[in-house]
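The values are calculated or read from the model by the stated rules, or taken from the named source; none is laboratory data. Computed from a predicted structure; not experimentally measured. Quick reminder, even Gly has a Cβ in these numbers, built from the backbone with ideal geometry, and neighbours come from all protein chains shown. Quick note on the areas: whole protein, heavy atoms, side chains included, nothing else; ligands and nucleic acids left out. Shrake-Rupley method; radii C 1.70, N 1.55, O 1.52, S 1.80 Å.
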Amino acid sequence: MSQSAYQVSPRELGTLLPDQPSYRVDQLREWLYEHPVLDPADMTNLPGDVRNTLRLWPFAAEIEQSADGGRTRKWLFRAPDGASIESVLMGYERRTTLCISSQAGCAMACTFCATGQFGFERHLDAGEIVAQVAYANAALRSRPIAGSPARVTNVVFMGMGEPLANYTNLRESLHRMIEVIDLAARSVTVSTVGVIPGIRRLADEPWQIGLAISLHAADDELRNTLIPLNTRYPLAELVEAARYFFNRTGRRVSIEWTLMDGVNDTADQAEKLASIAQQLRAHVNVIAMNPTPLTAQQAPGRLAIDDFMKELSRHGANATYRETRGQEIDAACGQLRIRGLTEEGET
Ligand code: SAH
(Lines give C-alpha, C1' and ligand atoms only; values in the text may rest on other atoms or scores of the structure.)
Protein backbone atom coordinates (compact mmCIF):
# COMPACT_ATOMS: atom_id res chain seq x y z
CA MET A 1 0.00 0.00 0.00
CA SER A 2 1.27 3.50 -0.83
CA GLN A 3 2.36 5.87 1.93
CA SER A 4 -0.16 8.15 3.55
CA ALA A 5 0.34 11.83 2.75
CA TYR A 6 1.10 12.35 6.46
CA GLN A 7 4.00 9.93 6.20
CA VAL A 8 5.72 12.25 3.73
CA SER A 9 7.49 15.28 5.19
CA PRO A 10 5.58 18.54 4.52
CA ARG A 11 8.68 19.74 2.63
CA GLU A 12 8.66 16.74 0.33
CA LEU A 13 4.97 16.62 -0.55
CA GLY A 14 5.92 17.39 -4.16
CA THR A 15 6.95 13.74 -4.54
CA LEU A 16 3.26 12.82 -4.23
CA LEU A 17 2.33 15.26 -7.03
CA PRO A 18 5.11 14.76 -9.58
CA ASP A 19 3.30 16.24 -12.58
CA GLN A 20 1.64 19.14 -10.78
CA PRO A 21 2.69 22.79 -10.49
CA SER A 22 4.13 23.85 -7.12
CA TYR A 23 1.04 25.76 -6.01
CA ARG A 24 -0.76 22.39 -5.96
CA VAL A 25 1.76 21.21 -3.39
CA ASP A 26 0.95 24.24 -1.24
CA GLN A 27 -2.75 23.51 -1.59
CA LEU A 28 -2.23 19.92 -0.53
CA ARG A 29 -0.17 21.01 2.47
CA GLU A 30 -2.98 23.33 3.53
CA TRP A 31 -5.54 20.52 3.26
CA LEU A 32 -3.38 18.22 5.33
CA TYR A 33 -2.36 20.57 8.10
CA GLU A 34 -4.34 23.81 8.11
CA HIS A 35 -7.89 22.78 7.31
CA PRO A 36 -7.96 19.02 7.16
CA VAL A 37 -10.95 17.10 5.81
CA LEU A 38 -11.89 13.49 6.51
CA ASP A 39 -12.35 12.61 2.83
CA PRO A 40 -9.90 13.57 0.04
CA ALA A 41 -12.91 14.10 -2.24
CA ASP A 42 -13.53 17.31 -0.25
CA MET A 43 -10.17 18.82 -1.26
CA THR A 44 -12.14 20.81 -3.76
CA ASN A 45 -9.40 22.85 -5.41
CA LEU A 46 -7.28 19.80 -6.31
CA PRO A 47 -7.74 17.95 -9.61
CA GLY A 48 -9.92 14.85 -9.50
CA ASP A 49 -7.14 12.38 -10.30
CA VAL A 50 -5.07 13.71 -7.39
CA ARG A 51 -8.01 13.35 -5.01
CA ASN A 52 -8.75 9.84 -6.28
CA THR A 53 -5.23 8.49 -5.95
CA LEU A 54 -4.14 10.21 -2.75
CA ARG A 55 -3.85 8.01 0.32
CA LEU A 56 -4.84 10.46 3.03
CA TRP A 57 -4.85 8.81 6.47
CA PRO A 58 -2.17 6.41 7.71
CA PHE A 59 -4.89 4.53 9.63
CA ALA A 60 -8.61 3.84 9.57
CA ALA A 61 -10.96 4.86 12.36
CA GLU A 62 -12.22 1.51 13.60
CA ILE A 63 -14.20 2.68 16.61
CA GLU A 64 -15.49 6.11 17.55
CA GLN A 65 -17.22 6.51 20.90
CA SER A 66 -18.41 9.42 22.94
CA ALA A 67 -19.03 10.02 26.63
CA ASP A 68 -19.62 12.80 29.16
CA GLY A 69 -22.63 14.08 27.21
CA GLY A 70 -20.67 14.30 23.95
CA ARG A 71 -17.80 16.31 25.43
CA THR A 72 -15.36 13.36 25.35
CA ARG A 73 -14.71 11.40 22.16
CA LYS A 74 -12.40 8.46 21.70
CA TRP A 75 -11.06 6.97 18.49
CA LEU A 76 -9.42 3.63 18.01
CA PHE A 77 -7.45 3.83 14.77
CA ARG A 78 -5.98 0.80 13.03
CA ALA A 79 -2.82 0.99 10.90
CA PRO A 80 -2.53 -1.35 7.88
CA ASP A 81 -0.10 -3.58 9.81
CA GLY A 82 -2.69 -4.04 12.57
CA ALA A 83 -1.17 -1.65 15.10
CA SER A 84 -3.78 0.17 17.17
CA ILE A 85 -3.56 3.88 17.91
CA GLU A 86 -5.93 5.63 20.33
CA SER A 87 -6.76 9.30 20.77
CA VAL A 88 -9.14 10.99 23.17
CA LEU A 89 -10.68 14.40 22.51
CA MET A 90 -12.00 16.48 25.41
CA GLY A 91 -14.04 19.65 25.04
CA TYR A 92 -13.85 22.34 27.73
CA GLU A 93 -15.17 25.88 27.76
CA ARG A 94 -12.12 27.60 26.36
CA ARG A 95 -10.03 24.76 25.02
CA THR A 96 -10.33 21.53 23.10
CA THR A 97 -7.68 19.08 24.22
CA LEU A 98 -6.53 16.04 22.29
CA CYS A 99 -4.74 13.25 24.13
CA ILE A 100 -2.60 11.35 21.64
CA SER A 101 -0.52 8.18 21.45
CA SER A 102 3.17 8.06 20.58
CA GLN A 103 3.56 4.28 20.43
CA ALA A 104 1.31 1.28 19.86
CA GLY A 105 1.51 -0.33 23.27
CA CYS A 106 4.28 0.65 25.67
CA ALA A 107 7.49 -0.93 26.92
CA MET A 108 7.54 0.79 30.33
CA ALA A 109 5.41 -1.84 32.11
CA CYS A 110 4.09 0.46 34.85
CA THR A 111 2.14 -1.86 37.13
CA PHE A 112 -0.98 0.36 37.33
CA CYS A 113 -1.38 1.05 33.60
CA ALA A 114 -3.33 -1.16 31.18
CA THR A 115 -1.16 -0.15 28.22
CA GLY A 116 1.98 -0.93 30.22
CA GLN A 117 0.67 -4.35 31.15
CA PHE A 118 -0.21 -5.07 27.53
CA GLY A 119 3.37 -4.52 26.36
CA PHE A 120 5.11 -2.90 23.40
CA GLU A 121 3.94 -3.24 19.82
CA ARG A 122 5.92 -0.61 17.90
CA HIS A 123 6.84 3.07 17.66
CA LEU A 124 4.46 5.35 15.79
CA ASP A 125 6.10 7.36 13.03
CA ALA A 126 5.84 11.15 12.96
CA GLY A 127 3.02 11.03 10.40
CA GLU A 128 0.97 8.67 12.55
CA ILE A 129 1.44 10.95 15.55
CA VAL A 130 0.58 14.23 13.83
CA ALA A 131 -2.28 12.68 11.80
CA GLN A 132 -4.13 12.11 15.09
CA VAL A 133 -4.28 15.89 15.51
CA ALA A 134 -5.28 16.47 11.89
CA TYR A 135 -7.95 13.77 12.10
CA ALA A 136 -9.47 15.33 15.23
CA ASN A 137 -9.48 18.74 13.51
CA ALA A 138 -11.19 17.24 10.46
CA ALA A 139 -13.77 15.51 12.66
CA LEU A 140 -14.39 18.71 14.65
CA ARG A 141 -14.95 20.59 11.42
CA SER A 142 -17.84 18.36 10.47
CA ARG A 143 -19.04 17.83 14.05
CA PRO A 144 -17.81 20.31 16.68
CA ILE A 145 -18.26 19.85 20.43
CA ALA A 146 -20.95 22.33 21.52
CA GLY A 147 -19.53 25.11 23.66
CA SER A 148 -15.85 24.27 22.92
CA PRO A 149 -13.41 25.58 20.29
CA ALA A 150 -13.99 23.80 16.96
CA ARG A 151 -10.26 23.08 16.61
CA VAL A 152 -7.75 21.28 18.76
CA THR A 153 -6.20 24.01 20.93
CA ASN A 154 -4.14 21.76 23.24
CA VAL A 155 -2.32 18.50 22.72
CA VAL A 156 -1.16 16.17 25.49
CA PHE A 157 1.02 13.10 24.92
CA MET A 158 -0.87 11.10 27.52
CA GLY A 159 -2.33 8.35 25.36
CA MET A 160 -0.51 5.11 24.69
CA GLY A 161 3.25 4.96 24.77
CA GLU A 162 6.25 6.71 26.25
CA PRO A 163 6.93 9.69 23.95
CA LEU A 164 10.53 10.21 25.08
CA ALA A 165 11.35 6.60 24.18
CA ASN A 166 10.44 7.49 20.56
CA TYR A 167 12.39 10.74 20.40
CA THR A 168 13.10 11.23 16.69
CA ASN A 169 9.49 10.70 15.67
CA LEU A 170 8.25 12.75 18.62
CA ARG A 171 10.50 15.61 17.59
CA GLU A 172 9.33 15.60 13.96
CA SER A 173 5.68 15.43 15.05
CA LEU A 174 6.21 18.40 17.40
CA HIS A 175 7.90 20.30 14.60
CA ARG A 176 4.86 19.80 12.37
CA MET A 177 2.35 20.66 15.10
CA ILE A 178 4.13 23.86 16.03
CA GLU A 179 5.58 25.07 12.72
CA VAL A 180 3.05 23.72 10.21
CA ILE A 181 -0.29 23.34 12.04
CA ASP A 182 0.61 26.44 14.06
CA LEU A 183 -0.31 25.14 17.49
CA ALA A 184 1.32 27.19 20.25
CA ALA A 185 4.26 25.25 21.73
CA ARG A 186 3.01 26.26 25.16
CA SER A 187 -0.22 24.38 24.59
CA VAL A 188 1.50 21.09 23.76
CA THR A 189 2.48 18.89 26.72
CA VAL A 190 4.79 15.90 26.60
CA SER A 191 4.18 13.50 29.47
CA THR A 192 6.93 11.13 30.56
CA VAL A 193 7.51 8.48 33.13
CA GLY A 194 11.06 9.82 33.47
CA VAL A 195 13.28 9.05 30.48
CA ILE A 196 16.10 11.33 31.59
CA PRO A 197 18.10 11.64 28.34
CA GLY A 198 14.83 12.50 26.54
CA ILE A 199 13.96 15.21 29.08
CA ARG A 200 17.36 16.82 28.53
CA ARG A 201 17.10 16.67 24.74
CA LEU A 202 13.61 18.17 24.83
CA ALA A 203 14.90 20.95 27.10
CA ASP A 204 17.47 21.83 24.42
CA GLU A 205 14.88 22.15 21.62
CA PRO A 206 13.85 25.65 20.60
CA TRP A 207 10.27 25.29 21.86
CA GLN A 208 8.58 26.37 25.08
CA ILE A 209 6.80 23.10 25.31
CA GLY A 210 5.05 21.78 28.44
CA LEU A 211 6.54 18.83 30.32
CA ALA A 212 4.56 16.59 32.67
CA ILE A 213 6.37 14.08 34.86
CA SER A 214 4.42 11.00 35.90
CA LEU A 215 5.83 10.78 39.41
CA HIS A 216 3.28 8.70 41.37
CA ALA A 217 5.77 7.95 44.15
CA ALA A 218 8.09 10.30 46.04
CA ASP A 219 10.82 7.87 47.13
CA ASP A 220 12.76 5.26 45.17
CA GLU A 221 11.60 2.36 47.28
CA LEU A 222 7.94 2.85 46.34
CA ARG A 223 8.61 4.16 42.85
CA ASN A 224 10.63 1.07 41.93
CA THR A 225 7.58 -1.09 42.64
CA LEU A 226 5.26 0.95 40.40
CA ILE A 227 7.55 2.10 37.59
CA PRO A 228 10.31 -0.34 36.57
CA LEU A 229 12.21 2.43 34.73
CA ASN A 230 12.89 4.06 38.10
CA THR A 231 15.57 1.48 38.83
CA ARG A 232 17.47 2.85 35.82
CA TYR A 233 16.67 6.54 36.31
CA PRO A 234 16.17 7.10 40.03
CA LEU A 235 14.26 9.94 41.58
CA ALA A 236 17.12 12.30 42.47
CA GLU A 237 18.37 12.24 38.86
CA LEU A 238 14.86 12.68 37.54
CA VAL A 239 14.34 15.77 39.71
CA GLU A 240 17.69 17.10 38.48
CA ALA A 241 16.62 16.61 34.83
CA ALA A 242 13.28 18.32 35.52
CA ARG A 243 15.14 21.25 37.04
CA TYR A 244 17.33 21.41 33.94
CA PHE A 245 14.18 21.51 31.78
CA PHE A 246 12.79 24.38 33.84
CA ASN A 247 16.05 26.34 33.68
CA ARG A 248 16.46 25.89 29.92
CA THR A 249 12.87 26.55 28.84
CA GLY A 250 11.53 28.77 31.61
CA ARG A 251 8.51 26.46 31.75
CA ARG A 252 7.53 25.00 35.08
CA VAL A 253 7.04 21.28 34.80
CA SER A 254 3.91 19.65 36.12
CA ILE A 255 3.83 16.53 38.24
CA GLU A 256 1.22 13.84 37.62
CA TRP A 257 0.10 11.81 40.62
CA THR A 258 -2.32 8.93 40.20
CA LEU A 259 -3.67 8.26 43.66
CA MET A 260 -3.84 4.54 44.52
CA ASP A 261 -5.60 3.24 47.58
CA GLY A 262 -3.16 2.20 50.31
CA VAL A 263 -0.18 2.67 47.98
CA ASN A 264 0.75 6.33 47.50
CA ASP A 265 -2.06 8.10 49.40
CA THR A 266 -0.24 8.32 52.74
CA ALA A 267 0.71 11.46 54.69
CA ASP A 268 4.36 10.46 54.31
CA GLN A 269 4.14 10.40 50.50
CA ALA A 270 2.22 13.71 50.52
CA GLU A 271 4.98 15.36 52.51
CA LYS A 272 7.77 14.02 50.27
CA LEU A 273 5.82 14.93 47.13
CA ALA A 274 5.26 18.47 48.43
CA SER A 275 8.98 18.83 48.99
CA ILE A 276 9.82 17.74 45.41
CA ALA A 277 7.10 19.99 43.99
CA GLN A 278 8.47 22.97 45.88
CA GLN A 279 12.04 22.32 44.76
CA LEU A 280 10.83 22.35 41.16
CA ARG A 281 8.17 25.01 41.65
CA ALA A 282 5.96 22.47 39.95
CA HIS A 283 2.20 22.19 39.93
CA VAL A 284 0.85 18.80 41.03
CA ASN A 285 -2.10 17.26 39.19
CA VAL A 286 -3.73 14.54 41.24
CA ILE A 287 -6.17 12.06 39.72
CA ALA A 288 -7.69 8.95 41.21
CA MET A 289 -6.57 5.60 39.84
CA ASN A 290 -8.76 4.38 36.99
CA PRO A 291 -9.17 0.68 37.71
CA THR A 292 -8.53 -1.68 34.79
CA PRO A 293 -8.94 -5.45 34.37
CA LEU A 294 -5.16 -5.79 34.02
CA THR A 295 -4.11 -3.90 37.12
CA ALA A 296 -4.54 -4.49 40.85
CA GLN A 297 -4.57 -0.95 42.28
CA GLN A 298 -7.81 0.77 43.26
CA ALA A 299 -8.92 4.38 43.70
CA PRO A 300 -8.99 5.65 47.29
CA GLY A 301 -12.31 6.78 48.76
CA ARG A 302 -13.39 10.40 48.79
CA LEU A 303 -12.17 11.00 52.34
CA ALA A 304 -8.68 9.63 51.67
CA ILE A 305 -8.45 11.82 48.56
CA ASP A 306 -9.46 14.89 50.57
CA ASP A 307 -6.94 14.06 53.31
CA PHE A 308 -4.16 13.67 50.76
CA MET A 309 -4.97 17.02 49.14
CA LYS A 310 -5.04 18.68 52.58
CA GLU A 311 -1.65 17.21 53.48
CA LEU A 312 -0.21 18.48 50.21
CA SER A 313 -1.40 22.02 50.80
CA ARG A 314 -0.33 21.90 54.47
CA HIS A 315 3.19 21.18 53.24
CA GLY A 316 3.05 24.04 50.76
CA ALA A 317 2.46 22.22 47.47
CA ASN A 318 0.53 23.75 44.63
CA ALA A 319 -1.91 21.00 43.71
CA THR A 320 -5.20 20.39 41.92
CA TYR A 321 -7.43 17.34 42.08
CA ARG A 322 -8.81 16.56 38.63
CA GLU A 323 -11.92 14.57 37.85
CA THR A 324 -11.32 11.95 35.20
CA ARG A 325 -13.07 11.96 31.86
CA GLY A 326 -14.25 9.15 29.63
CA GLN A 327 -14.23 6.33 32.17
CA GLU A 328 -17.30 4.61 30.73
CA ILE A 329 -15.73 4.28 27.27
CA ASP A 330 -12.36 3.11 28.63
CA ALA A 331 -10.92 6.44 27.55
CA ALA A 332 -9.56 7.50 30.93
CA CYS A 333 -5.83 7.63 31.72
CA GLY A 334 -4.23 4.23 31.76
CA GLN A 335 -7.33 2.51 30.39
CA LEU A 336 -6.57 2.71 26.69
CA ARG A 337 -6.18 -0.69 25.09
CA ILE A 338 -8.79 -2.33 27.31
CA ARG A 339 -11.44 -2.73 24.66
CA GLY A 340 -9.03 -4.32 22.21
CA LEU A 341 -7.99 -6.72 24.93
CA THR A 342 -11.39 -7.91 25.94
CA GLU A 343 -12.49 -8.24 22.32
CA GLU A 344 -9.44 -10.31 21.51
CA GLY A 345 -10.10 -12.38 24.60
CA GLU A 346 -6.66 -11.78 26.01
CA THR A 347 -7.63 -10.75 29.52
N1 SAH B 1 4.16 7.33 29.14
C2 SAH B 1 3.73 8.66 29.46
C3 SAH B 1 2.38 9.05 28.90
C4 SAH B 1 1.26 8.03 28.96
S5 SAH B 1 0.27 7.78 30.38
C6 SAH B 1 3.73 8.86 30.95
O7 SAH B 1 3.92 7.90 31.68
O8 SAH B 1 3.60 9.99 31.40
C9 SAH B 1 -0.52 9.27 30.83
C10 SAH B 1 -0.76 9.34 32.34
O11 SAH B 1 -1.72 8.37 32.80
C12 SAH B 1 0.51 9.08 33.13
O13 SAH B 1 0.63 10.02 34.14
C14 SAH B 1 0.23 7.69 33.69
O15 SAH B 1 1.01 7.43 34.81
C16 SAH B 1 -1.25 7.77 33.99
N17 SAH B 1 -1.89 6.47 34.22
C18 SAH B 1 -1.52 5.27 33.75
N19 SAH B 1 -2.37 4.31 34.17
C20 SAH B 1 -3.31 4.91 34.92
C21 SAH B 1 -4.47 4.45 35.61
N22 SAH B 1 -4.84 3.18 35.57
N23 SAH B 1 -5.20 5.36 36.28
C24 SAH B 1 -4.86 6.66 36.26
N25 SAH B 1 -3.79 7.16 35.63
C26 SAH B 1 -3.01 6.29 34.95
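Output needed: Cys residues of the chain lacking any neighbouring Cys C-beta below 4.7 Å, sorted by number.
Cysteines lacking a close Cβ partner in the chain: C99, C106, C333.
Write down the percent of antiparallel bridges among all DSSP beta bridges whose residues are both part of the chain, to the nearest 5.
50 percent
At a probe radius of 1.4 Å, what is the per-residue accessible area of R143, in Å² to the nearest 10?
120 Å²
Put a dot 7 Å past each Cα toward the Cβ at Q327 and S313; how far apart are the dots in nm?
For S313 paired with Q327, the spin-label model returns 2.2 nm.
Could you give the length gained by full extension between Y23 and Q298, i.e. 0.36 nm per residue of separation minus their alpha carbon distance, to one decimal place?
Roughly 93.4 nm would be gained on extension.
When the Kirkwood radius is taken over all Cα pairs of the range 5-53, what Stokes-Einstein diffusion coefficient follows at 37 °C and 0.692 mPa s, in µm²/s?
Translational D for this selection: 303 µm²/s.
Find how much the distance from R232 to E30 grows on full extension, using 0.36 nm per residue of separation minus their present alpha carbon separation; answer in nm with one decimal.
Here the segment from R232 to E30 would lengthen by 68.4 nm.
Which one, T115, L28, L164, is farthest towards the positive end of the dipole of the chain when Lys and Arg carry +1 and Asp and Glu -1 on their Cβ?
L28
With an 8 Å cut-off on Cα pairs and a minimum separation of 6 or more residues, tell me the relative contact order of the range 5-53 in percent.
That works out to 28 percent.
Over the chain, with a Gaussian network built from C-alpha contacts below 10 Å, which listed residue (L76, L211, L46) shows the highest mean-square fluctuation?
L46
With a cut-off of at most 13 other beta carbons within 10 Å, and DSSP calling the residue loop, which trypsin sites (Lys or Arg not before Pro) in the range 149-239 qualify? Please list them.
R232
Using just the alpha carbons, could you tell me how many Å³ per residue the convex hull of the chain encloses?
Per-residue hull volume (Cα only) is 130 Å³.
Please report the antiparallel percentage of DSSP beta bridges with both residues in the range 78-178, rounded to the nearest 5.
Roughly 75 percent of the DSSP beta bridges within the range 78-178 come out antiparallel.
Between R141 and A109, what is the label-point separation in nm under the 7 Å Cα-to-beta-carbon projection?
4.4 nm
Kindly state, to the nearest 0.05, the FRET efficiency for R243 paired with S66, given R0 = 51 Å and r defined as their beta-carbon distance.
FRET efficiency, R243 to S66: 0.80.
Choose one answer from S142, S191, S101: the residue with the largest mean-square fluctuation in a GNM of the chain with alpha-carbon springs under 10 Å.
In the Gaussian network model the winner is S142.
Restricting attention to the range 57-107, which chymotrypsin sites (Phe, Trp or Tyr not before Pro) occupy a DSSP loop and are surrounded by at most 16 other Cβ atoms within 10 Å?
Of the chymotrypsin sites (Phe, Trp or Tyr not before Pro), the ones in loops of the range 57-107 whose Cβ has at most 16 other Cβ atoms within 10 Å are Y92.
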